[in-house]
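All remarks here apply to the structure that follows.
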Amino acid sequence: MYGHRSDHAIVLGASLAGLAAAAALARRFPRVTVLERRACPSGSASIAPQGVMPHVLLPGGAQALERLLPGLLADLDTAGGGHATVENGRWWSEGWRVPYPGDTSYAPLASRGLVEASVRARVDALPAVRFEHGVAAAGLRVRDGRVIGVVTDGGRDLVADLVVDASGRGSRLPAWLEAAGHAAPPVSEVKVDLGYVGAELEGDLDRDLGGTRWAVIQNVPPATRMGVVLGVEGGRWLVLLGGYFGDRPPADPDGYRAFAAALPDPLIADLLARRRPTAFHPYRFAASRRVHFERARLPAGLLVVGDAMTSVNPIYGQGMSVAALQAEALGALLDRGDDPASLTRVGIRRLAAIADQAWQVSVGADFAYPATEGARPPAVAMINRHVARVMRACTIDPVVCAAMSDVQYMLSPPSRLMQPGIVLRTLRAQGRWRRAQTRASTAASGSLPAAPRTAALAHASDHVPGAEATSRSSAARSSSSQAWR
């Protein structure tokens, strides 16, 4: 249990990060208050501004939420569109299908709104938790180097033993720390200028794509476009098309279809040819942002989770999973029984380590584009070359495939890809990959059969990390695509 006193905890924000944090705190505090400036969403709407976009709860995050709230995944499976399997999805990189094993990985096919609503309902049923919607924190109360509560925008003082900031990318915590006499934490930014447009389609999922429920189609650097499609609850398709550095999809049916037609797999373009979008949702993401609270001197009794600490490129699908994993870690930290000062000092480093796993993957991949701006991580070019080889090896070697799967799904840290055994198998697979590429390219011209179908297919995720682009004619793309259907 939390050392010293353990009567009341306050969570700032009721998006997924705040909900997951409240679930962890409710087992350790008799009272947990969640403050949220926005009204409570109705039905399965998301509280997040970008919540209408396709989102993926990666297996690492899904497992963490299930441990926090047992039975949640069964709820999502029943209410949503099922879950991603090795049979119902496809993931393309460099114009090639990436065959990922899926026997131990679970990713629900559900809208972000449904995920939030299911988590919110379970958290709201916990006796210790009380929500206050339409109420925002306006500052911290700090005394003798320790947080003792918050003041609301209505002028109320709320006393607390622990405050967890889950208020998202727009968190005002750095300014509050300065007002309390603490230096603001340093901030890292990596500018990617990503523009994307989500669209909603309605219809019979089986009829359109023959059982396919999700697809991730990545045109890797120097090409700038990508596409995602998810079949979710209510028989709906959620589609996302995006591009970097000004290469943005138009928010009109004809322009949207033309943008999709440039992707290396025609699946999304084929779907848009059959279905007219019912709504477009443009969104821009200028830069990934990492607030280094672990490098600041924080008052005791304060912790930070979710986008308030790390907001990464959403194409990678990591946000919800980072929040879930941090919430689970928060519970484990509280169980240590540390005093407030030790909890903050040790806890902020542990939460930052989880955030850094997502940061390393996303920022490293973004720097495969020369136009990306920001402080480059050490050896990023060498790492990206290795990851490119790993992605190719994934089409050949199931052991490499499993390692990459675990990293992408936040089940293992990125360092797993640098283990000697994985590096050796990756290097050995390169020649086989080139020979398979030659066979499939020849098959597109009708001379040889296409590359054989592997037993394991791709799982849902939002990104394939960087590798050089492979230029293909539309005929070759179409032939290769059909071979995998």
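The values are calculated or read from the model by the stated rules, or taken from the named source; none is laboratory data. Note that the structure is predicted; figures quoted are calculated from it, not measured. Reconstructed Cβ throughout: ideal geometry from the backbone, glycine too, with neighbour counts over all protein chains shown.
Evaluate the following for Gln50: is it within 18 Å of the chain's Cα centre (by Cα), over 21 Å from Arg169 (Cα atoms) and surrounded by fewer than 24 Cβ atoms within 10 Å (Cβ to Cβ)?
no
Give me the pairs, please: first residue somewhere in region 251-277 and surrounded by fewer than 17 Cβ atoms within 10 Å (Cβ to Cβ) and small (Gly, Ala, Ser), second residue anywhere and part of a helix (DSSP H, G or I) and at pLDDT 90 or above, beta-carbon distance under 6 Å, and either six or more positions apart or on two chains.
Short answer, once both residue conditions are applied: Ala261/Ala269.
When you go through Gly301, Gly317, Gly234 one by one, which is the residue that is more than 16 Å from the chain's Cα centre (by Cα) and at pLDDT below 95?
Gly234
Only one of these conditions is not met by Gln360: (1) of a type outside the set (Gly, Ala, Ser); (2) under 26 Å from Tyr283 (Cα atoms); (3) in contact (Cβ under 8 Å) with a residue 60 or more places away in the chain; (4) not in a loop (DSSP other than H, G, I, E, B). Which number is it?
Unmet for Gln360, out of (1) of a type outside the set (Gly, Ala, Ser); (2) under 26 Å from Tyr283 (Cα atoms); (3) in contact (Cβ under 8 Å) with a residue 60 or more places away in the chain; (4) not in a loop (DSSP other than H, G, I, E, B): (3).
Inside region 143-168, can you point out the residues that are farther than 13 Å from Thr33 by Cβ, surrounded by 14 or more Cβ atoms within 10 Å (Cβ to Cβ) and among the charged types (D, E, K, R)?
Across region 143-168, the qualifying residues are Arg146, Asp165.
Find the residue count for region 379-401, including only residues that are out of contact with any Asp or Glu (no Cβ under 9 Å at 6 or more places or on another chain), assigned to a helix (DSSP H, G or I) and under 20 Å from Ala358 (Cβ atoms).
So the answer is 6.
Here is a list of conditions, (1) touching a helix residue (DSSP H, G or I) at 6+ places or on another chain (Cβ under 8 Å); (2) closer than 30 Å to Arg349 by Cβ; (3) not aliphatic (A, V, I, L, M), and Pro250 meets all of them except one; can you say which number that is?
Of the numbered conditions (1) touching a helix residue (DSSP H, G or I) at 6+ places or on another chain (Cβ under 8 Å); (2) closer than 30 Å to Arg349 by Cβ; (3) not aliphatic (A, V, I, L, M), the odd one out for Pro250 is (2).
Answer yes or no: is there a residue in region 348-370 that is surrounded by fewer than 18 Cβ atoms within 10 Å (Cβ to Cβ) and at positive phi.
no
(1) at pLDDT 95 or above; (2) touching a Leu at 6+ places or on another chain (Cβ under 7 Å); (3) among the hydrophobic types (A, V, I, L, M, F, W, C): which one isn't true of Ala22, the others all being true?
(2)
If a residue must be in contact with a strand residue (DSSP E or B) (Cβ under 9 Å, 6 or more places away or on another chain), of a type outside the set (S, T, N, Q) and over 17 Å from Leu126 (Cβ atoms), how many such residues does region 14-53 contain?
Within region 14-53, residues that are in contact with a strand residue (DSSP E or B) (Cβ under 9 Å, 6 or more places away or on another chain), of a type outside the set (S, T, N, Q) and over 17 Å from Leu126 (Cβ atoms) number 7.
Being farther than 17 Å from Trp92 by Cβ and surrounded by fewer than 24 Cβ atoms within 10 Å (Cβ to Cβ) is the filter here, so list the residues in region 223-237 that pass it.
Glu233, Gly234, Gly235, Arg236
Looking at region 286-305, can you tell me whether even one residue there is over 30 Å from Val150 (Cα atoms) and either of a type in the set (Gly, Ala, Ser) or out of contact with any Ser or Thr (no Cβ under 6 Å at 6 or more places or on another chain) (or both)?
The answer is yes, given that some residue of region 286-305 is over 30 Å from Val150 (Cα atoms) and either of a type in the set (Gly, Ala, Ser) or out of contact with any Ser or Thr (no Cβ under 6 Å at 6 or more places or on another chain) (or both).
Is it the case that region 287-303 has a residue that's small (Gly, Ala, Ser), in contact with a Lys or Arg (Cβ under 6 Å, 6 or more places away or on another chain) and on the phi > 0 side of the Ramachandran plot?
Checked region 287-303: at least one residue is small (Gly, Ala, Ser), in contact with a Lys or Arg (Cβ under 6 Å, 6 or more places away or on another chain) and on the phi > 0 side of the Ramachandran plot.
What single numbered condition from (1) touching a strand residue (DSSP E or B) at 6+ places or on another chain (Cβ under 7 Å); (2) assigned to a loop (DSSP other than H, G, I, E, B); (3) hydrophobic (A, V, I, L, M, F, W, C) fails to hold for Ala371?
(1)
Identify, by number, the condition in (1) assigned to a loop (DSSP other than H, G, I, E, B); (2) of a type outside the set (D, E, K, R); (3) out of contact with any Leu (no Cβ under 9 Å at 6 or more places or on another chain) that Leu298 doesn't meet.
(3)
Scan region 139-155 for residues that are free of Cβ contacts under 8 Å to residues at least 12 places away in the same chain and of a type in the set (Lys, Arg) and jot them down.
Arg143
Quick check, is Arg290 part of a loop (DSSP other than H, G, I, E, B), in contact with a strand residue (DSSP E or B) (Cβ under 6 Å, 6 or more places away or on another chain) and within 21 Å of Ala365 (Cβ to Cβ)?
For Arg290, the condition - part of a loop (DSSP other than H, G, I, E, B), in contact with a strand residue (DSSP E or B) (Cβ under 6 Å, 6 or more places away or on another chain) and within 21 Å of Ala365 (Cβ to Cβ) - is not met.
Take region 38-96 and flag every residue that is part of a loop (DSSP other than H, G, I, E, B), hydroxyl-bearing (Ser, Thr, Tyr) and touching a helix residue (DSSP H, G or I) at 6+ places or on another chain (Cβ under 6 Å).
Scanning region 38-96 gives Ser44, Ser46.
Output the number of the condition that Leu68 fails; it satisfies all remaining conditions of (1) within 14 Å of Asp124 (Cα to Cα); (2) assigned by TED's automatic domain parsing to the domain that holds Asn313; (3) crowded, with 23+ Cβ neighbours inside 10 Å.
Checking Leu68 against (1) within 14 Å of Asp124 (Cα to Cα); (2) assigned by TED's automatic domain parsing to the domain that holds Asn313; (3) crowded, with 23+ Cβ neighbours inside 10 Å, the one that fails is (2).
Which of the residues spanning region 173-213 are modelled with pLDDT under 95, buried (at least 18 other Cβ atoms within 10 Å of the Cβ) and more than 30 Å from Arg248 (Cβ to Cβ)?
His182
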